[in-house]
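For reference, the structure discussed in these notes is given below.
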Amino acid sequence: MKGRPEFPDVRTLFTAVLIITSLAIAINDYLWLLILLAITLASLLIAGIHLTRLLRRLRRYRWLFLLIALAQSISNGSGTVFLEFQGYVLLSSGGLLGALAALLRITVILAAVGLLSLKDYQQMVTGLAQMGVPYEFAFMVLLAVRFIPVLMEEFRNSLAAIELRGIELKAIPLGQRLKVYSYLLMPTTAGALIRSRRIAIAMEARAFRAYPRRTWLQWPSLTGWDWFIIALSLGFGAGVLYFKIRGVIA
Amino acid sequence: MTAYIKLEQVSFSWPQGGQVLRDINLSIEKNSTIALMGPNGSGKTTLGKLIIGLLKPSSGRVFISGTDAEEYSLAARGRLIGYVFQNPEGQFFASTITEEIGFALKYRGMSPDKVQQRVEEMLTLFELEEYADTFPFNLSQGEKQRLALAAIIALRPGFIILDEPFTGLDWLRKQRLQEVLQRVRNEGVGYLLISHDRDMASRLCSRVLQLEGGELQ
């Protein structure tokens, strides 16, 4: 079934996100990573996505960022040494640039993934199916992604349930505390399995996979703008990779 | 009589907007049996969660045993008040019923012999002996409700909050749970029963509170 084209199409977004995230992983040059970040942020703004949402997400990972930056800074002792301890370089210009590149890389990836928030769950499944991904597989992957926050919520509830039994987690020794935490895996896993079974039954009751072919409420076609963005993304990605292989970009 | 739980001008709104409770004033004695009734979305569960500390009031104060509840950790509140979740599955984390009942006793420093004794006592009281080694998630809804209650009663809390314990139970199971709650009452333990079942509430509780539009009537 043909549907009204709606720019940007999911395939366009997938292509752009795939190119941006791949380049963010491949490139080490912080200046090029900055350019990539600028392009991504501009795309988010043009798409009407508030950057505050991105900032909230970045804030959630601030400790991970700090840890990665520290690890980068310590493992890369090149350039001018600023801080040294018993022969080990703790802070250097090369380490700082490495840490900056690592932070930029993660920010670019998280920002690029934010572009996908333009589409809802059903549009994503349709888009993946249009790209040739088997429908069942696309559905399963997106269902799993959708359940991550639910599982996290369940984990938090189980933790609260343990504390509500009067167990002061902070007061018990670390070994015992880890053992208590291991208990949390049980309800989370059991809950996920029970929910999966219920969803599978509900889907089969609605004739999921009962026929070899299925109809689609919408099957949108690409607009001229979609083709342009896809071509531009692929061209940009190929160009940067070419210069990367030639050694022009680090 | 001194109030065991006291709410002073407690209001609660969700951060994204929408007021749930408005200026709630409530005093509950330790061994009193109180039913909290009201239509869906009236704030009954929210009130229970505010008392136990799973939610924080937007304004007003909650006192437990004469102390501002803010001074208690979640675990400290749990030692004073037992809380039975609306969905009993939400409070299970052990792999057998025996372990589920004995878990907190063990971590609260009780000797293994005493833990065993208390667990057996609870298994008998709640007619769960034959399921002692069963995985909690494999029980029927009624059995899960009984296990949830057993795990809380085993801790000998001063007071219990039960959130819709009769939901999903057939007539026979409701009667059985009613008997269990009567036994709890006979042991001198008070409770706040959040329920839709008016008959059950009037049978099991000495006082019935009606919550409507976020206010106590």
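Every number here is computed from the coordinates shown, using simple stated rules; none is lab data. Here the structure is a predicted model, which means the values were calculated and not measured. Counting neighbours? That spans all protein chains shown, and the Cβs are built from the backbone with ideal geometry, glycine included.
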Debye calc, one equal point scatterer per Cα of chain B, no solvent, log10 I(q)/I(0) at q = 0.10, 0.15, 0.17 1/Å comes to -0.43, -0.98, -1.23
How far is helix B:97-107 tilted off the main Cα axis of chain B, in degrees rounded to 10, range 0 to 90?
70 degrees
With each run of n ≥ 4 DSSP H residues scored as -39500 (n - 2.57), what mean residue ellipticity at 222 nm is computed for the protein assembly as shown after dividing by its residue count and rounding to the nearest 500 deg cm²/dmol?
-17500 deg cm²/dmol
Farthest toward the dipole's positive end in the protein assembly as shown, which of A:69, A:235, B:45, given Cβ charges of +1 (Lys, Arg) and -1 (Asp, Glu) about the Cα centre?
A:235
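Pull out the extension gain between residue B:68 and residue B:203, defined as 0.36 nm times the separation in residues minus the alpha carbon to alpha carbon distance; nm, one decimal. Walk me through the numbers on the way to the answer.
Numbers: separation 135, 0.36 × 135 = 48.60 nm, distance 3.22 nm.
Stretched fully, the residue B:68-residue B:203 segment lengthens by 45.4 nm.
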Apply the membrane-span-like helix rule to chain A: whole DSSP H runs, Cα extent along the own long axis of at least 30 Å, mean Kyte-Doolittle hydropathy at least 1.6. List the helices found.
A:93-114
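Treat the stretch B:1-44 as a sphere of radius equal to its Kirkwood radius over Cα pairs and apply Stokes-Einstein at 37 °C in a medium of 0.692 mPa s; give the translational diffusion coefficient in µm²/s, rounded to a whole number. Please report the intermediate quantities before stating the final value.
Details: Rh = 12.1 Å.
D = 272 µm²/s.
Quick check: net charge around residue A:26, other residues with Cβ under 13 Å of its Cβ, Lys/Arg +1 and Asp/Glu -1? Mind showing how you got there, number by number?
Working: positive: A:105, A:244; negative: A:29.
Summing Lys and Arg as +1 and Asp and Glu as -1 gives +1.
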Could you give me the radius of gyration and the Dmax of the stretch B:128-217, taking only the C-alpha atoms into account and expressing both in angstrom?
14.0, 46
DSSP loop (so not H, G, I, E, B), at most 15 other Cβ within 10 Å: list which GluC sites (Glu not before Pro) in the stretch B:149-217 pass both filters.
B:187
Relative contact order in percent for the stretch A:115-250 (Cα pairs under 8 Å, 6+ apart) equals 20 percent
Could you give me the percent of Cα pairs per 10 Å distance bin for the stretch A:9-91, shortest bin first, beginning at zero and ending with the bin that holds the maximum distance?
14, 32, 32, 15, 5, 1
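Filter the chymotrypsin sites (Phe, Trp or Tyr not before Pro) in the stretch A:186-250 to those in DSSP coil with at most 10 other Cβ atoms within 10 Å of their Cβ, and list the result.
On the way: sites: A:208, A:216, A:225, A:227, A:228, A:236, A:242, A:243; in loops: A:208, A:216.
Answer in residue order: no site qualifies.
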Suppose we flag GluC sites (Glu not before Pro) only when DSSP calls them loop and at most 16 other Cβ atoms lie within 10 Å. Which is the longest uninterrupted stretch of chain A?
A:7-167
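Quote the FRET efficiency, to the nearest 0.05, computed for residue B:167 versus residue A:179 with a Förster distance R0 of 45 Å and r equal to the Cβ-Cβ distance. Write down the numbers at each step before the final one.
Values: r = 33 Å, r/R0 = 0.73.
E between residue B:167 and residue A:179, to the nearest 0.05, is 0.85.
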Principal-axis tilt of helix B:171-186 within chain B, Cα atoms, nearest 10 degrees:
80 degrees
Hey, can you grab everything whose amide H is under 5 Å from the amide H of residue B:126? Only 5+ residues off in sequence or another chain; H modelled, so Pro and N-termini drop out.
none
Chymotrypsin sites (Phe, Trp or Tyr not before Pro) within the stretch A:6-93: DSSP coil, no more than 14 neighbouring Cβ in 10 Å:
A:61
Stokes-Einstein D for the stretch A:165-250, Kirkwood Rh over Cα pairs, 25 °C, 0.890 mPa s (µm²/s):
123 µm²/s
Whole-Å distance linking the alpha carbon centroid of the stretch A:77-108 with that of the stretch B:167-192 is 64 Å
